[in-house]
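Here is the structure we will look at.
Derivation of every value follows stated rules applied to the coordinates shown; laboratory data play no part. In this text, all values refer to a predicted model and were calculated from it rather than measured experimentally. Every residue, glycine as well, gets a Cβ built from its backbone with ideal geometry; the counts of neighbours run over all protein chains shown.
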Amino acid sequence: KRFIELAKSQGGLQAILKIAPEKIEPYIKKFEDIISNVLKDTFWLDFCYRMRIGIK
């Protein structure tokens, strides 16, 4: 569930969900089903996040 929510929180997807959610909702449901079937209840995940900091 957390992995699905992480994927859904990404900027490009959020923009589509705000503008035209009806166009992408069937694909989101399919994505959720596939991920749930593949990962079942538990999975291992290595996560890396890159942050850029600008100092002026």
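Anything in the range 10-27 that is of a type outside the set (Val, Ile, Thr) and surrounded by 10 or more Cβ atoms within 10 Å (Cβ to Cβ)? List them, or say none.
Within the range 10-27, Leu13, Gln14, Ala15, Leu17, Ala20, Pro21, Lys23, Glu25, Tyr27 qualify.
Please go through the range 30-56 and pick out each residue that is within 15 Å of Arg2 (Cα to Cα) and surrounded by 10 or more Cβ atoms within 10 Å (Cβ to Cβ).
Phe31, Glu32, Asp33, Ile34, Ile35, Ser36, Leu39, Phe43
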